[in-house]
Protein chains: 2
Amino acid sequence: MPLLVIGSIAVDSVETPWGRHDNLLGGSASHFSLAARFFTPVKLVSVVGGDWPQEYTEFLRGRGIDVSGIQVVPTGKSFRWSGRYEPNMNDRETLAVELDVFGNFEPVLSPDHRRAKYVFLGNAAPSTQLKALEQVPGCRLAVADTMDLWIKTCHDDLMKLLTRIDGLVLNDSEAKLLADTENLVLAGHRVRELGPKFIVIKKGEHGAMFFSEHETYVLPAFPMENVVDPTGAGDSFAGGMMGYLAEQDNFDPETLKTAMAYGILVASFNVEDFGLHHMQSITRDHIESRMAEYRKMLSF
Amino acid sequence: MPLLVIGSIAVDSVETPWGRHDNLLGGSASHFSLAARFFTPVKLVSVVGGDWPQEYTEFLRGRGIDVSGIQVVPTGKSFRWSGRYEPNMNDRETLAVELDVFGNFEPVLSPDHRRAKYVFLGNAAPSTQLKALEQVPGCRLAVADTMDLWIKTCHDDLMKLLTRIDGLVLNDSEAKLLADTENLVLAGHRVRELGPKFIVIKKGEHGAMFFSEHETYVLPAFPMENVVDPTGAGDSFAGGMMGYLAEQDNFDPETLKTAMAYGILVASFNVEDFGLHHMQSITRDHIESRMAEYRKMLSF
């Protein structure tokens, strides 16, 4: 099944203990798409300005991604982000965020995109995510990401969104903030009670947790000695997870758990180099090979 | 196989968001012994002062633990510790540490204890751990714990200890400190190169990692909604792990991984109430039942 993602594509500058790279192709939908394409056809909806490097669009198209949904606002400027990671690779300082055209993003889906059955709403204002979601009334599975900014500043819109989506993906600090508790298990269940059928809490180097009415579990991250750039790891995780669900055209509990594992593994490739450098060179075989190691690691 | 543990037994005062409890039976060897006894006979070697509550010794004896190795220094005072946990249950403030007799502990093992094949050296000065280890020259498996204090102040003794033991158990921040890196995978391998055949890094609510020459893996913690008191969780983990190894009288890679899982599960019971309250009431059946859930959680 094709998978529709609505989210940002951006120009990133990243500094980690391994070096500094400017003008990288970034944004949640870029990382998501590069991860999901291993499993299923991906259709990307986003917005850029007149300054957008056309080669980035061609790069995405070259990886088989449907880029017809990338709107260009010739008079606007593209989303730019720059950040610096601490040596622990978990804490990062955002040096600059220029949302520009993405800040006023009003997604308008094509007739083809409106027929999507699997939809991922990348991190954006909940009102933008709602506007996108309303255009795919027949979708079978809608999953959204969010962030601390929206939890703090757009609480009502976010609450409305949570009653309309099937799943929510968010990181550990965001879950604690939204649920007002330091215990992640409690946080997962509290957020689930706000509407979604399932919640996934991303814990970075510590893996990810899953919560539904009848299931609570955690899967560890794949142990990585060389973490070069964590940017987009969470989006790659979501891409791997959603990509597998769309490929299987199924989201029963067993498939969801396997999808979580694929998300974790695809994210482990994402962090091995800056931007999308490593993600562009791997194949499904690399993922399956790591999956075999991962299954062995978790069996005893 | 019987299991020998040399370490502290103490009087603890603990404050967490769930309340405050004074005069709890604590210390690394207490938590270790209560966890290991589910699997194998435990022999405890420690030291207390004239103020030691005799009912604590009787409590341990009542759980089947050989307490003949508890030395009493009538003129001395017992080890006392008090601490307060932050709401996140990971950060804690040590309010008072009075080592007293444990600070001058010179373990002298009985002829029976000297024949031990499985030995755990609970957290103590590396010189004390070495003195204990020298008295069990025929042991098959010697594993030690350590802490940041000894890494900082007794580096040479610790380096000597690392060349004499089979395994080292330490927590994540201690591993980073000892290996001088923020990456836990790198830290695990670097510490292993200092001598031990295997290293276990405890990550609290995120589980534990294992490192040997040919294996690197991580197992997640059991998801817990009610973490009441984390004190002694690491010692319970070590007790469950070593107890299972001694029970199996085997420490091949497969047995070590299963032992790690038992350690994780026993620790999950330890944190469900203050001190040893919950650990005293559970049975092996409770552990096996949680193990079945844990295996199911990790299979997909």
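The values are calculated or read from the model by the stated rules, or taken from the named source; none is laboratory data. Please read all numbers here as calculations on a predicted model, not as lab measurements. Cβ sites come from the backbone with ideal geometry, for glycine too, and all protein chains shown count toward neighbours. To get the accessible areas, we keep the full protein, side chains included, count just its heavy atoms, and leave off ligands, DNA and RNA. Shrake-Rupley method; radii C 1.70, N 1.55, O 1.52, S 1.80 Å.
How large is the accessible surface per residue of segment B:12-51, computed with a 1.4 Å probe and reported in Å² as a whole number?
Roughly 28 Å² per residue, with all protein chains present.
Tell me, what is the per residue accessible area of segment B:207-265 in Å², probe radius 1.4 Å? Numbers along the way, then the final one.
Details: 1580 Å² over 59 residues.
The answer is 27 Å² per residue.
In bins 5 Å wide, starting from 0, what share of all Cα pairs of segment B:164-219 does each bin hold, as a percent?
4, 24, 36, 26, 9, 1, 0
Using DSSP, restrict attention to beta bridges with both residues in chain A and report what percent are antiparallel, rounded to the nearest 5. Mind dumping the intermediate values first?
Details: 20 of 51 bridges.
For chain A, the DSSP antiparallel bridge percentage is about 40.
Can you give the calculated 222 nm mean residue ellipticity of the protein assembly as shown, where each DSSP H run of n ≥ 4 adds -39,500 (n - 2.57) and the sum is split over every residue, rounded to the nearest 500 deg cm²/dmol?
Working: 22 runs with 218 residues, N = 600.
One gets -10500 deg cm²/dmol as the mean residue ellipticity at 222 nm.
With +1 on each Lys and Arg Cβ and -1 on each Asp and Glu Cβ, how big is the dipole of segment A:161-300 about its Cα centre, in debye rounded to the nearest 20? Mind showing how you got there, number by number?
Details: 12 positive and 21 negative charges, 45 e Å.
For this selection, approximately 220 debye.
In whole percent, what relative contact order does segment B:1-86 give with Cα contacts below 8 Å and a gap of six or more residues?
Details: 174 pairs, mean separation 31.7, N = 86.
Contact order relative to length: 37 percent.
With a cut-off of 8 Å between alpha carbons and a minimum separation of six or more residues, what is the relative contact order of segment A:150-274 in percent? Please list the in-between numbers first.
Details: 198 pairs, mean separation 24.3, N = 125.
Rounded, it is 19 percent for segment A:150-274.
Which whole-number percent of Cα pairs in chain B have a distance greater than 31 Å?
On the way: 9279 of 44850 pairs.
The calculated P(r) of chain B puts 21 percent of pairs beyond 31 Å.
What is chain A's relative contact order, in percent, from Cα pairs under 8 angstrom and six or more apart in sequence?
Numbers: 666 pairs, mean separation 55.6, N = 300.
Rounded, it is 19 percent for chain A.
Calculate the spin-label point distance for B:HIS277 paired with A:ARG114, positioning each point 7 Å from the Cα along the beta-carbon direction, and give it in nanometres.
6.0 nm
Under 18 Å from a point placed 7 Å out from the Cα of A:LEU177 along the Cα-to-Cβ direction: which residues of segment A:17-56 have their backbone N that close?
Flagged as within label range: A:28.
What nm distance separates the two modelled labels at A:ASN88 and A:ASP157, each placed 7 Å from Cα along Cα→Cβ?
Output for this residue pair reads 3.2 nm.
From zero up to wherever the largest Cα-Cα distance of segment A:65-204 sits, split into 10 Å bins and tell me the percent of pairs in each.
11, 36, 34, 17, 1
Dipole size in debye (nearest 20) for segment A:1-124 around its Cα centre, Lys and Arg Cβ +1, Asp and Glu Cβ -1?
On the way: 12 positive and 14 negative charges, 114 e Å.
That gives segment A:1-124 a dipole magnitude of about 540 debye.
If all Cα-Cα distances of segment A:106-153 are sorted into 10 Å bins from 0 onward, what percent lands in each bin, rounded to whole numbers?
27, 53, 17, 2
Once you have the Kirkwood Rh of segment A:1-41 from its Cα pairs, apply Stokes-Einstein at 10 °C and 1.306 mPa s and quote D in µm²/s.
Working: Rh = 11.5 Å.
D = 139 µm²/s.
Taking all protein chains as present, what is the carbon and sulfur share of the accessible area of the protein assembly as shown, in % to the nearest whole number, probe 1.4 Å?
48 percent
Whole Å is fine, so just give me how far the alpha carbon centre of segment A:237-300 lies from that of segment A:41-58.
With segment A:237-300 and segment A:41-58 each reduced to a Cα centre, they are spaced 24 Å.
Compute for the protein assembly as shown: radius of gyration divided by Kirkwood radius, i.e. Rg/Rh, restricted to C-alpha atoms, rounded to two decimals. The partial results should precede the final answer.
Working: Rg = 26.4 Å, Rh = 25.6 Å.
Using Cα coordinates only, the ratio equals 1.03.
Measuring from a point 7 Å out along Cα→Cβ, what nm distances, shortest first, does B:HIS155 have to its partners in the other copies?
Computed spacing set for this position: 5.0 nm.
When ranked by the protection proxy of mean other Cβ atoms within 10 Å per residue, highest first, what sequence do the peptides B:164-176, A:284-296 form? Display every interim value, and only then the final one.
Working: B:164-176: 21.6, A:284-296: 14.2.
Going by the mean number of other Cβ atoms within 10 Å, highest first, we get B:164-176, A:284-296.
Let me confirm one metric for peptide A:206-212, namely the mean number of other chain beta-carbon atoms within 10 Å of its residues' beta-carbons.
Numbers: counts 9, 4, 1, 2, 2, 1, 0.
Counting other chains' Cβ atoms within 10 Å and averaging over A:206-212 gives 3.
Per residue of A:222-235, how many C-beta atoms from partner chains lie within 10 Å of its own C-beta, taken as a mean?
Working: counts 3, 10, 4, 9, 3, 4, 0, 0, 0, 0, 0, 0, 0, 0.
Mean partner shielding for this stretch: 2.
Suppose every K and R has +1 on its Cβ and every D and E has -1 on its Cβ; what is the size of the dipole of the protein assembly as shown about the Cα centre, in Debye to the nearest 20? Can you show the working numbers first?
Details: 56 positive and 80 negative charges, 202 e Å.
Value, rounded to 20: 960 debye.
What gaps in nm, shortest first, separate A:MET1 from its twins in the other copies when you place the label 7 Å past Cα toward the beta carbon?
Nearest to farthest, the other copies are at 5.3 nm.
Need the list of aspartates and glutamates near B:LYS77 for cross-linking: C-alpha distance under 13 angstrom, and skip anything on the same chain fewer than eight residues off.
B:ASP51, B:GLU98, B:ASP100
Would you calculate the volume per residue, in Å³, of the smallest convex hull containing every Cα atom of segment A:1-132? Spell out each step's value before the answer.
Details: hull volume 15.4 nm³, N = 132.
For segment A:1-132, the hull spanned by Cα atoms encloses 117 Å³ per residue.
Would you be so kind as to identify which of A:CYS154, A:HIS21, A:GLN248 lies farthest towards the positive end of the dipole of chain A, taking Lys and Arg as +1 and Asp and Glu as -1 on Cβ and the Cα centre as origin?
The residue sitting most towards the positive pole is A:GLN248.
Applying the Karplus parametrisation 6.51 cos²θ - 1.76 cosθ + 1.60 with θ = phi - 60° to the phi angles of segment B:149-166, what ³J(HN,Hα) value in whole Hz is obtained for each residue in order, glycine and proline being reported as x?
4, 6, 4, 7, 10, 10, 4, 5, 4, 5, 4, 5, 4, 4, 7, 10, 9, 8
Taking R0 as 51 Å, what's the FRET efficiency between B:GLU288 and A:ALA96 from their Cβ-Cβ distance, rounded to 0.05?
Details: r = 54 Å, r/R0 = 1.07.
Efficiency computed from Cβ-Cβ geometry: 0.40.
I'm a student and want to see the number: the projected area of the Cα convex hull of segment B:208-276, averaged over all directions, in nm². Could you put the intermediate results ahead of the total?
Working: hull surface 18.3 nm².
Mean projected area for segment B:208-276: 4.6 nm², to one decimal.
Under the convention of a label 7 Å out along Cα→Cβ, give the distances in nm from B:GLU106 to the same position in every other copy, shortest first.
For B:GLU106, the other copies' label points sit at 8.5 nm, shortest first.
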